[in-house]
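Worksheet: one structure, shown below.
Each value in this text was obtained by applying a stated rule to the coordinates, not by laboratory testing. All values reported here derive from a predicted model rather than from experimental measurement. Positions of Cβ are generated from backbone atoms using ideal geometry, with glycine treated the same way; all protein chains shown enter the neighbour counts.
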């Protein structure tokens with residue numbers, strides 16, 4: 001199982017954990033990353049994920065996200081094909097950085113792109129693609145049900 005997580009997922013641990021949904025998403029993301037770390041699944045990254053993490057102004061939050069990101073098994077290098085596809089995806093109303101995540105994940109033939117960004121999740125449904133873009137909780141629950 002090839003899994004791509006956007007920066008919202010990797011930074012979820014830094015969000016307000018007093019909110020139930022955020023705490024649940026944080027826990028599920030930790031479980032998914034644990035499965036990636038121990039080899040059941042594989043975390044796939046990209047240049048854009050690393051770029052976004054390195055732009056995090058808070059050094060402690062940046063360090064925590066980078067520590068999680070270290071478990072990735074392979075990296076998708078942004079190239080002209082990805083940029084061209086990202087420009088097409090932007091036409092669906094998706095933010096430029098999210099369009100790059102989508103195009104990179106699609107290019108890397110991952111099984112699922114996980115995000116906690118509600119706007120990205122909603123707008124990604126309008127993109128013609130075989131790529132699954134899912135909330136980690138919803139996706140994980142469907143995977144557990146299928147095991």
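Full extension from residue 27 to residue 141: what is 0.36 nm times the residue separation minus their Cα-Cα distance, to one decimal in nm?
Working: separation 114, 0.36 × 114 = 41.04 nm, distance 1.26 nm.
Taking 0.36 nm per residue and subtracting the Cα distance, the gain is 39.8 nm.
From the Cα gyration tensor of the stretch 63-138, with a ≥ b ≥ c the square roots of its eigenvalues, which class applies: rounded if a/c is under 1.5, or else prolate if a/b is larger than b/c, or else oblate?
Working: a/c = 1.71, a/b = 1.23, b/c = 1.38.
Verdict is oblate for the stretch 63-138.
For the residue pair residue 40 and residue 71, what label-to-label distance in nm results when each label sits 7 Å from Cα along the Cα-to-beta-carbon direction?
Reported label-point gap for residue 40 and residue 71 is 1.1 nm.
Given 0.36 nm per residue, what is the gain on full extension from residue 60 to residue 87 after removing their alpha carbon distance, in nm? Please list the in-between numbers first.
Working: separation 27, 0.36 × 27 = 9.72 nm, distance 3.27 nm.
Full extension of this stretch gives 6.4 nm more.
Going by the alpha-carbon gyration tensor, a ≥ b ≥ c the square roots of its eigenvalues, is the chain rounded (a/c under 1.5) or, if a/c is not under 1.5, prolate (a/b greater than b/c) versus oblate? Show your work: numbers first, answer last.
Working: a/c = 1.37, a/b = 1.22, b/c = 1.12.
It comes out rounded by the Cα gyration axes.
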